[in-house]
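Below is one structure, written out as structure tokens, with a few remarks after it.
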Amino acid sequence: MTRTTSLAALITTALITAPMALAADLTVTVQGIEKPQGTIMLGLFDAATYEDAGSIQGANLKVEGDQVSVTFEGLEPGEYAVKLYHDVNDDGEMDTNPFGMPTEPFAFSNDARGRFGPAKWDAAKFEVSADGTTHTITMN
Amino acid sequence: MDFTRRHFMETGIGLGVAGSVLSAGTAAASPAKTPAWHLGYQNAPINGFEAAEMQLAYGQPPADLNGALFRNGPAQFQYGDQYASHWFDGDGLVHRIAIDDGKAVHKARFVETKKRREELAANAFLAPGFGTLGDERFSVEGPDDVNAANTSVLMINGELHALWEAGSAFAMNADTLETKGPKTWRDDLKGMPFLAHPKVEPDGRIWNLAVGGSRVGIYRISASGTLEDFGLVDIGRAAYIHDWTMSARHLIILVQPWINENLRPPVVAGFEWQPQHGLQMLIVDKDDFTNQRWAQAPARMFFHTGSAWEEADGTLKFDAVLYKRPVLGVGGGADEIRGEWAGRQSAEDGVLTQIVIPTRGDASLIETGLIGEFPQVDPRFRGKARHLTAMVSGPSQIQPGSTGLAVQDWRSGRSDVFDFGDQRMVEEFLFVPKRGGSSDKDAWLVGTVLNLKAGKSEVCVFDAARVSDGPVCIWQADYSWPLGFHGTWA
């Protein structure tokens with residue numbers, strides 16, 4: 001298991017959330033990974049960042065079996081969503097075919113699916129509660 | 001038309017068939033209020049058709065005709081009171097008619113696509129498509145999510161593939177017709193389109209195109225199914241490309257002036273007829289995709305070509321069924337699916353035409369006068385000079401579709417035609433080489449026909465050299481299946 005926290009997240013959490021008991025932990029498990037190699041490149045988003053901004057936190061999870069997990073600590077309770085892809089060949093990019101369609105597996109929280117684009121926020125968002133949340137994503 | 005023979009055949013078939021009750025689990029016959037031809041647009045049973053021997057209804061099967069006719073076509077036209085909005089968007093039903101020792105056994109299975117699974121579960125059309133807007137609830141993360149796998153079939157080294165044109169080929173077990181899944185030729189080509197009209201050289205090497213707007217990918221695949229090469233060319237505009245052609249040395253990509261710069265569903269709504277561009281042809285060297293030249297012909301629309309060959313002086317000749325303006329794709333058979341038909345418009349007629357591309361200057365069009373569709377050539381002569389093209393011909397004046405089979409001899413300039421009359425709707429016929437023959441006149445023509453009088457589907461065999469003599473033999477199923485598109489013989 002890889003535990004990822006960012007300094008920025010810690011600082012933000014410390015400034016905004018009081019008491020600390022309201023800082024929530026989110027564990028995301030990705031299962032059903034087809035190839036036991038490469039890296040799951042995972043981004044965590046909130047409503048403000050989901051559509052077109054960078055992730056608020058992220059994790060690069062080495063794949064050795066058919067699942068990986070990560071825990072984001074000290075989140076402000078609320079709605080979040082995950083976008084991820086499996087960088088099977090570890091080239092740091094989401095590979096596409098010559099017409100621009102992804103050739104590496106990808107997924108969204110809630111196992112949401114897109115329609116001519118990424119899954120929509122409303123389909124991918126889930127609640128992270130103050131007492132901690134576990135969210136499981138199954139690769140297609 | 002040979003009335004005597006036709007009358008004889010009707011009689012022969014009438015005698016050869018016991019009973020008229022449809023067997024359980026088959027497509028229901030049209031209600032009395034709908035026309036007889038609507039049988040061709042009825043849903044197939046959900047699980048397809050179990051293997052069933054067809055009855056020899058006429059003639060004597062050729063002793064050397066052993067193999068299987070595989071065919072594909074849309075076969076889901078209705079969920080409840082909801083009709084499919086375009087013929088091209090029905091789920092693919094793959095048929096195998098195995099012919100051996102004078103017997104014919106039919107079997108068919110739907111290709112198990114995401115579209116098929118989800119629509120069947122919902123009992124509703126959901127996926128966007130060529131002529132379908134689709135339902136917002138249906139997820140689309142790549143072309144194969146909307147793949148109808150309904151257009152043709154290709155056998156490679158014993159493995160069957162159901163073909164569409166905007167997504168992957170779907171691999172299938174050639175015996176059980178069970179779906180294996182989308183075919184990925186190379187990891188970096190996952191999800192690339194694979195046209196439903198691959199070209200197979202006489203030695204088994206396969207060429208095909210991937211069309212994505214104005215960019216076209218070229219596949220070269222060995223007879224054993226290994227991708228040997230893939231390259232990209234630019235054709236300048238997003239023309240509709242359903243088919244193309246090939247000589248021994250060149251690929252000929254026809255860029256018709258039916259343009260769609262906005263490939264959003266329903267795709268057909270985005271097409272514009274721009275005849276000012278004419279019919280342009282990009283000629284690509286098979287050994288060097290960067291070695292290209294363009295040729296130009298008057299504006300025409302087309303779906304299908306026969307095959308090309310190259311004269312000693314470099315002149316390219318090929319045949320295609322050409323239309324003066326876009327047809328079918330626009331209306332999409334939506335009326336026919338509902339059992340309605342507005343009548344035949346002569347502007348809709350496709351004419352078998354030879355296109356001659358000189359080494360310099362514009363191409364010329366030589367019209368044969370034969371009206372029809374689904375041109376086919378002998379597989380031994382693909383890319384080579386040959387005598388014949390066979391095609392469905394004889395457009396009916398009283399119903400959709402055609403009632404005859406025609407063969408054009410390019411060397412004599414003559415055509416040979418057999419017309420079944422309005423009791424039969426004729427589908428694509430394929431050349432099957434006779435054992436020991438060396439010319440494309442030494443071939444059987446094998447194809448399917450929907451017998452409207454009997455309400456049953458049939459497989460017919462003709463002698464390619466004597467089509468006007470009528471069928472050599474006819475096998476009739478105990479049921480009917482919907483009209484389809486294309487097939488292969490293996």
Notebook entry, point to check: Using the Cβ atoms and a cut-off under 13 Å, what net charge is assigned to the surroundings of residue B:175, where Lys and Arg are +1 and Asp and Glu are -1?
Noted result: +2
Notebook entry, point to check: What nm distance separates the two modelled labels at residue B:342 and residue B:412, each placed 7 Å from Cα along Cα→Cβ?
Noted result: 4.0 nm
Checklist line | Tail weight of P(r) past 14 Å, computed on alpha-carbon pairs of segment B:202-269, percent | finding: 62 percent
Next item on the list: Could you work out the mean count of beta carbons from other protein chains within 10 Å of each residue's beta carbon in A:98-111?
Entry: 4
Check: With r defined as the distance between the Cβ atoms of residue B:178 and residue A:126 and R0 fixed at 35 Å, what FRET efficiency is calculated, to the nearest 0.05?
Finding: 0.40
Next item on the list: Using only alpha carbon positions, build the gyration tensor of the protein assembly as shown, then give the equivalent ellipsoid semi-axes as the square roots of 5 times its eigenvalues, largest first, whole angstrom.
Entry: 50, 28, 22
Next item on the list: Determine the sum of side-chain charges near residue B:153: Lys and Arg each +1, Asp and Glu each -1, restricted to other residues whose C-beta is under 10 angstrom from that of residue B:153.
Entry: +2
Margin query: Out of the trypsin sites (Lys or Arg not before Pro) in segment B:383-442, which ones are loop residues according to DSSP with at most 12 other C-beta atoms within 10 Å?
Written below: B:411, B:414, B:435
Check: What full-extension length gain, to one decimal in nm, is calculated for residue B:349 and residue B:50 as 0.36 nm per residue of separation minus the Cα-Cα distance?
Finding: 104.0 nm
Note to self: Taking a cut-off of 37 Å, what percent of all Cα-Cα pairs in chain B are separated by more than that?
What the structure shows: 21 percent
Check: Is the shape of segment B:332-490 rounded, prolate or oblate, going by the alpha carbon gyration tensor and its root eigenvalues a ≥ b ≥ c, with a/c under 1.5 for rounded and a/b larger than b/c for prolate?
Finding: oblate
Notebook entry, point to check: Mind ordering A:117-124, B:72-79 by average Cβ neighbours within 10 Å, highest first?
Noted result: B:72-79, A:117-124
Margin query: Given axes a ≥ b ≥ c from the Cα gyration tensor, I'd like to know whether segment B:280-389 is rounded (a/c under 1.5), prolate (a/b larger than b/c) or oblate.
Written below: prolate
Next item on the list: Within segment B:76-102, which residues have the backbone N less than 18 Å from the label spot 7 Å out from residue B:66 along Cα→beta-carbon, could you tell me?
Entry: B:97-102
Margin query: Rounded, prolate or oblate for segment B:233-321? Axes are the square roots of the Cα gyration tensor eigenvalues, ordered a ≥ b ≥ c, and the cut-off for rounded is a/c under 1.5.
Written below: prolate
Notebook entry, point to check: So what's the back-of-envelope 222 nm ellipticity for the protein assembly as shown, counting only DSSP H runs of four-plus at -39500 (n - 2.57) apiece and dividing by all residues, rounded to 500?
Noted result: -2000 deg cm²/dmol
Check: Given B:107/B:199; B:384/B:441; B:114/B:199; A:35/B:190; A:125/B:115; B:199/B:324, which pairs have Cα atoms separated by over 18 Å?
Finding: B:107/B:199; B:114/B:199; A:125/B:115; B:199/B:324
Check: Which net charge results for the neighbourhood of residue B:304, defined as the other residues with beta-carbon distances under 11 angstrom from its beta-carbon, given Lys and Arg at +1 and Asp and Glu at -1?
Finding: -4
Check: Other chains near B:179-191: what is the mean number of their Cβ atoms within 10 Å of each residue's Cβ?
Finding: 3
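Values in this text are rule-based calculations from the coordinates and carry no lab data. None of these values were measured; they are calculated from a predicted model. Positions of Cβ are generated from backbone atoms using ideal geometry, with glycine treated the same way; all protein chains shown enter the neighbour counts.
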